Amino acid sequence: MNDVLPDETPIWHYLEACLRELTASYGYSEIRMPIVENTQLFCRSIGEVTDIVEKEMYTFVDKGEDSLTLRPEGTASCVRAGIQHGLLYNQQQRLWYMGPMFRRERPQKGRYRQFYQFGLEAFGLKGPDIDAEIIALTARLWKKIGLKDVELQINSLGSNQARETYKEILVKYLTQNIEQLDSDSQRRLKSNPLRILDSKNPDMNELIEKAPKLMDHLDDESREHFEGLCQRLDKLDITYFINTKLVRGLDYYNRTVFEWTTKDLGSQGTICAGGRYDGLVEQLGGQTTQGCGFAMGLERIILLIKQQNDLQNKLSAKTEVYLCTLGQSAEIVGMQLAENLRNELPELKIQLHCGAGNFKKQLKKADKSGAKIALILGEDEVDQQQITIKFLREKTEQKMIAQSELSTQLQSLLF
């Protein structure tokens, strides 16, 4: 699990602000769910035989002997909340959420056991238009934050019935070549054969390439839906690659699945993934409601932002003005001056020196803060109702002005 230190938080604030602005512009509203849920919620939604449920969940029994789990993803919690509060039946909802998720994975670059995720879910919309809009929203985000070299991969898993029929065909093919399967894939052959198509074992590449394609066994309605999605993406000039091996790791997906990937993060190249899950609401006890959404890991996106541009330096929340006070009466007046400046210039980043200290020590701290200007207030300045402006980053002579003029002077110097 990872600490986010003060010099890193500005870039987090920037990304979070971009996400809030973007979702608002598309008509999505925020929902906040608890971090802890009943364990059975994830077993029923994600799937008992997925890696997440089998190996990665943080699960414990509380004092009431209920089995609880730190949420490993947000969709199941969002659906549970929607059902519980009557948000979904015969309604259309566009929702988003952001916060920590927990999986006991092997930590890697951009991957932690507590990680932050942004998720978006749309309910009650069955056509390919919402699939395309959600993908368009993510494409707009990459442009907004300046990400380059990200690739969109799409596929269709078809209806639940078509997928079950395809599973039988796939299992028959894989069973005939079982000696070429690694131990993990042999285990999945009975429990979750589609996940074998997503194997990262290079020794199985040829076997997987020759496997029957799910796309060739789609039902007519799913094929029409997928063609409708492609037509809309083409119209929007969003470049995509149809990856017939893309199956996603969660059991609840059907029809559209997609991932945005990059080669700049090594093996963990997926930065955003999602798709359609039309049966999940019913599976969790609600009325039949279509659903579509995505989730993105914020740590990976921030890693990309750092690699591809120098936003971190530009976004740094450095102090602009440092107020030095010398003497007890100056400390008292100085605090009042700082608060007045914050009232009059809300955008000003001003730091008041606290903890006393001589003039040299205070100026050293002013310089270390990164401030452009130091304000110097001593006992004499207090008596004369004046204050000294000292420029720390340019060769300009310091000057003394009336305290009443300070706000106007700083506004002209800094803004």
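Any read-out appearing in this document is the output of simple, stated calculations on the displayed coordinates, not a laboratory observation. This is a predicted model, so every value here is computed, not measured. As a convention, Cβ positions derive from the backbone with ideal geometry for all residues, glycine included, and neighbour counts pool all protein chains shown.
What separates the Cα centres of the stretch 52-92 and the stretch 386-402 is a distance of 59 Å.
Working ranking of peptides 280-287, 3-10 by packing, defined as the average number of other Cβ atoms within 10 Å per residue, highest first, is 280-287, 3-10.
Each Cα pair under 8 Å and six or more residues apart adds its sequence gap; the mean of these over the residue count of the stretch 164-290 is a relative contact order of 17 percent.
Here the Gaussian network model covers the chain, with springs between Cα atoms less than 10 Å apart; of Leu392, Leu311, Leu157, Leu392 fluctuates the most. For the chain, the relative contact order works out to 16 percent when only alpha carbon pairs closer than 8 Å and six or more residues apart are counted. Quick one: Cα centre-to-centre distance for the stretch 291-308 and the stretch 341-377, in angstrom? For the stretch 291-308 versus the stretch 341-377, the Cα centre distance is 36 Å. Rounded to the nearest 500, the helix-only mean residue ellipticity at 222 nm of the chain stands at -12000 deg cm²/dmol, with each DSSP H run of n ≥ 4 adding -39,500 (n - 2.57). Between Asn254, Asn160, Asn201, the residue with the greatest mean-square fluctuation in the GNM of the chain (Cα pairs under 10 Å linked by springs) is Asn201. Remark: relative contact order (the stretch 326-415) = 25 percent; criterion is Cα-Cα distance under 8 angstrom and separation of 6 or more residues. Protection proxy ranking for 237-243, 67-73, using the average of other Cβ atoms within 10 Å per residue and placing the highest first: 67-73, 237-243. Among the trypsin sites (Lys or Arg not before Pro) in the stretch 115-199, those located in a DSSP loop and surrounded by at most 13 other Cβ atoms within 10 Å of their own Cβ are Lys148. For a 24 Å ceiling on Cα separation, which of these pairs sit above it: Lys172/Lys245; Lys148/Lys368; Lys361/Lys390; Lys372/Lys399; Lys306/Lys390? Over 24 Å apart, Cα to Cα: Lys148/Lys368; Lys306/Lys390.
Let's see if you can work this out: charge +1 on each Lys and Arg Cβ, -1 on each Asp and Glu Cβ, no other charges. What is the dipole magnitude of the chain about its Cα centre, in debye to the nearest 20? The calculation lands at about 720 debye. Put the Cα centre of the stretch 215-279 next to the Cα centre of the stretch 97-166 and the gap is 9 Å.
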